[in-house]
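The values are calculated or read from the model by the stated rules, or taken from the named source; none is laboratory data. All values derive from a computational prediction rather than experimental measurement. Note that we place each Cβ from the backbone using ideal geometry, even for glycine, and neighbour counts take in every protein chain shown. The area values use the complete protein model at the heavy-atom level, side chains included, leaving out ligands, DNA and RNA. Shrake-Rupley method; radii C 1.70, N 1.55, O 1.52, S 1.80 Å.
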Amino acid sequence: MAATVVVGTQWGDEGKGRVVDGLAGSADIVARFNGGDNAGHTVVAEGHTLKLHLVPSGVLYSHLTLLIGAGVVLNPDRLIAEMDRILSIGADVGPSRLKISAAAHVILPTHRAMDGAREASLGDEAIGTTKRGIGPTYADKAKRVNLRAGEMSDPVQFARRVSERVADHNRRLAQFDVEPLSVDQVSRAYRGYAERLAPHLVDGSVLIGEALEAGDTVICEGAQGLLLDLDHGTYPFVTSSSTIAGGATTGLGFGPKQIARVVGVAKAYTTRVGQGPFPTELLGETGDRIREVGDEFGTTTGRPRRCGWLDLPIVRYAARVNGLDELALTKLDVLSGLENLRVAVAYARDGSHVDYFPAEFGAQSLAQWEPVYEDLPGWEADISDIRRREHLPRAARDYVSLIEDCSGVPITFIGVGPGREQAAV
Ligand code: GDP
Ligand code: IMO
Ligand code: MG
C-alpha cells in the first residue's frame, strides 16, 4: 500500500515528467491527477525525447499501467494524436495498459474557443492561458453541466449530448462575437473519438484502490505547480485545478492516509509562462542567458518562459502546503558558468521581514513585497557528467545545502541534464 505523489513546487515546468520517469522504473501504476493538455511533460530516455500532454510520464516502461484520472480534463482529439505519436515509436498505449477514468471531464472545441475569446476580451489583463479550454471546462464541471469521459461508452448518445453542449456554447460565443462552430461536425468527430477511446474507460478509483490493496506502488503525477493552484497559487493568474499533493486524492479517488511519500520538484532557478506576479524575475541579460542555456520555451505553446532567481520562500511554501518529504532539484547544470548567484530567502515590506511567500492576499498585495536576497558565488565547471552529490563543485554543494536548510526538506535527486541518467544522488 504505497502512493507516491510528485508535484511541482513553483509555476510549472519544474521537470515533473523526468522525475516521474525516474521513479517509474520501480512502480506499478503512474496516474495523472489534474489538468489537461495545458501540461507538457518531457521525458528524455531510451533515445527518445517525448513531450507528453496527457499520457502519464511512465509510458516508456512497458510493465506499467497508466491512468488518466478523474481530476483530469481530457481533449480526446489531442489524446488520440498523442497516442498515435507514442505508438509510432513502438511504445504500447493500448486499452490493456492506458486507462481513462470514466469520471474525467471532456474538453470540447467550443471550450477552447471560449478560452481564446475570453483571453482576447481581457486585453492587458489576460491571464496568458494555454488556450486549451482548461478554465471553461472546469467551470462547466463546477456548474455540473459538463460531459464526462464515461459517456463515451455509448458513442451515439455521447454524440447527441455533444451537440447539445456545443449549441449551448455557441450561444455564449456569440456574446464575444465569435462565429459558431458546426454542431454536426463536432458531434461527428466526437462520436469517432468515443469509438476509439471507449475501450480505455475504467473506474479509476477502483483501479487505484485495488492496486494499493495489493501492495502495488502508485505514482501520482501532478501537472502545473503550487503557484498555479486554483486555491493556493497567485490567483487569478493560476490554472483551474488543484495542483498540490491533496489534489492527488481528490483527482484519483483514494484516501490521504495512503500517501507514503510526497516528492516536490523544484527547478534550481524560477520560471513562469503567462502573466502574473514573479518577484524574482530577471528582465536583463542574466534572465536571457538562463532562458537560452536552459532552453526555457514552453513545451505546450512554445512561448518563451520568464526566468528569475530561485525563490526559497516559494519552496518553503510548497513544503508546507504539500507536506513534502523530499525535493527533486532539477536543472542545476543550467546555472554553471554564472559568476554570482542570488537566492531570495525572505520577503520585506515597510521594513518588516517575513520568511514565507505572501500569496494568500492575491497578486496585488504580493506586488507590495520585495524579495530579500542572499548572494552566493557561482561555479565554472560543467557538472552534467557528475552522478554523486559529493562530487559537485563546492559552490554547487553549498547552493544545494542552502535550499535544504531554508526549506527544511532533504534533496534526494539533483538533475544535471535532461536525460534519464543525468542525475546526481
Ligand atoms: P514539467 O512540465 O514539469 O514536466 O517540465 P517540462 O518538461 O515542461 O520542462 C522541463 C524541461 O527541462 C524539459 O525540457 C526537460 O527535458 C528539461 N530538464 C529536466 N531536468 C533537467 C535537468 O536537470 N537539466 C537540464 N538541462 N534540463 C532538464
Ligand atoms: P506543466 O504540467 C507551466 C499556466 C499558463 C497560464 C496559466 C493558466 O507542464 O508544468 P491554463 O491554460 O491552465 O488555463 O493557463 O497556467 N500553465 C502552465 N505553466 N507549466 C504548465 O504545465 C502549465 N499549465 C498551465 O501559462 O499562465
Ligand atoms: Mg511543462
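Can you give the accessible area of D13 in Å² (nearest 10), computed on protein heavy atoms with a 1.4 Å probe?
Only protein atoms counted, so the area is about 40 Å².
Where does the stretch 334-425 land on the Kirkwood hydrodynamic radius, alpha-carbon pairs, in angstrom? Write out the running numbers ahead of the final one.
Details: mean 1/r = 0.0662 Å⁻¹.
That comes to 15.1 Å for the stretch 334-425.
Calculate the spin-label point distance for E360 paired with Q175, positioning each point 7 Å from the Cα along the beta-carbon direction, and give it in nanometres.
With each label point 7 Å from Cα toward Cβ, the separation is 3.3 nm.
Check the straight Cα-Cα distances from K143 and name the aspartates and glutamates below 14 Å, setting aside those fewer than 8 residues away within the same chain.
Answer for K143, where 14 Å is the Cα cut-off: D168, listed by chain and number.
Taking every eigenvalue of the Cα gyration tensor of the stretch 265-424, multiplying by 5 and rooting it, what semi-axes result, largest first, whole Å? Present the calculation step by step, with values, prior to reporting the outcome.
Values: eigenvalues 122, 69, 48 Å².
Square roots of five times the eigenvalues give 25, 19, 15 Å.
Based on DSSP, what percent of beta bridges with both residues in the stretch 24-76 are antiparallel, to the nearest 5?
Details: 5 of 10 bridges.
Taking every DSSP beta bridge within the stretch 24-76, about 50 percent pair in antiparallel fashion.
Given R₀ = 22 Å, FRET efficiency for S88-R188 by Cβ-Cβ distance, to 0.05?
Working: r = 26 Å, r/R0 = 1.16.
Plugging the Cβ-Cβ distance into 1/(1 + (r/R0)^6) gives 0.30.
Using just the helices of the chain, give the 222 nm mean residue ellipticity in deg cm²/dmol: DSSP H runs with n ≥ 4 each add -39,500 (n - 2.57), and the total is spread over all residues, rounded to 500.
Values: 12 runs with 135 residues, N = 425.
Counting only the DSSP helices, I get -9500 deg cm²/dmol.
Averaging the inverse of every distinct alpha carbon separation and then flipping it gives the Kirkwood radius. What is it for the chain, in angstrom units? Walk me through the intermediate numbers first.
Values: mean 1/r = 0.0455 Å⁻¹.
Here the Kirkwood hydrodynamic radius works out to 22.0 Å.
Quote the charge dipole size of the chain about the Cα centre in Debye, to the nearest 20; the model charges only the Cβ of Lys and Arg (+1) and of Asp and Glu (-1).
On the way: 44 positive and 55 negative charges, 228 e Å.
Dipole about the Cα centre, nearest 20: 1100 debye.
Please compute the modelled spin-label separation between S26 and R196, points set 7 Å along Cα→Cβ, answer in nm with one decimal.
Here the modelled spin labels are 3.7 nm apart.
What's the extension gain from E339 to S96 if we count 0.36 nm per residue and subtract their Cα-Cα distance?
82.3 nm
Might you tell me the accessible area per residue for the stretch 175-246, computed with a 1.4 Å probe and given in Å²?
Ligands and nucleic acids excluded, the result is 46 Å² per residue.
Could you tell me the calculated FRET efficiency between S401 and D375, based on Cβ-Cβ distance and R0 = 22 angstrom, to the nearest 0.05?
Numbers: r = 16 Å, r/R0 = 0.71.
Efficiency at R0 = 22 Å is approximately 0.90.
Rounded if a/c is under 1.5, else prolate if a/b beats b/c, else oblate: with a ≥ b ≥ c from the C-alpha gyration tensor eigenvalues square-rooted, which is the stretch 172-296? Before the final figure, lay out each step's value.
On the way: a/c = 2.17, a/b = 1.11, b/c = 1.95.
Oblate is the answer for the stretch 172-296, as a/c is 1.5 or above yet b/c matches or exceeds a/b.
Carbon and sulfur atoms: what percent of the 1.4 Å accessible area of the chain do they account for? The partial results should precede the final answer.
Details: 8400 of 17050 Å².
Here carbon and sulfur together make up 49 percent of the probe-accessible area.
Using the Cα centre of the chain as origin and beta-carbon charges of +1 (Lys, Arg) and -1 (Asp, Glu), tell me which of G12, G255, V372 is placed farthest towards the positive end of the dipole.
About the Cα centre, the residue reaching furthest to the positive side is G255.
For the stretch 265-424, what is the accessible area per residue in Å² when the probe is 1.4 Å?
Details: 7070 Å² over 160 residues.
Per residue, the stretch 265-424 has an accessible area of 44 Å².
Distance check, please: which entries in K16/K51; K99/K267; K99/K331; K131/K331 exceed 20 angstrom between their Cα atoms?
On the way: K16/K51 12 Å; K99/K267 30 Å; K99/K331 32 Å; K131/K331 27 Å.
Beyond 20 Å: K99/K267; K99/K331; K131/K331.
Could I get the Rg over Rh figure for the stretch 52-137? Both from C-alpha atoms, Rh via Kirkwood, rounded to two places. Let's see the in-between values first.
Working: Rg = 15.2 Å, Rh = 14.3 Å.
Ratio of gyration radius to Kirkwood radius: 1.07.
Suppose R0 equals 30 Å; then what is the FRET efficiency for E210 and R303 from their Cβ-Cβ distance, rounded to the nearest 0.05?
Numbers: r = 41 Å, r/R0 = 1.36.
Computed FRET efficiency for E210 and R303: 0.15.
Name the GluC sites (Glu not before Pro) in the stretch 321-425 that are in a loop by DSSP and that have at most 16 other C-beta atoms within 10 Å, would you? Walk me through the intermediate numbers first.
Details: sites: E326, E339, E360, E374, E380, E390, E404, E421; in loops: E339, E360, E380, E421.
Counting only loop positions with at most 16 other Cβ atoms within 10 Å, the GluC sites (Glu not before Pro) in the stretch 321-425 are E339, E360, E380, E421.
Find the accessible area per residue for the stretch 1-146; the probe is 1.4 Å, ligands and nucleic acids are left out, and the unit is Å².
Working: 4510 Å² over 146 residues.
I get 31 Å² per residue for the stretch 1-146.
Ignoring the sites themselves, what is the longest stretch of the chain with no chymotrypsin sites (Phe, Trp or Tyr not before Pro) in a DSSP loop and at most 15 other beta-carbon atoms within 10 Å? Numbers along the way, then the final one.
Numbers: sites that count: F176, Y356, F361.
It runs 177-355.
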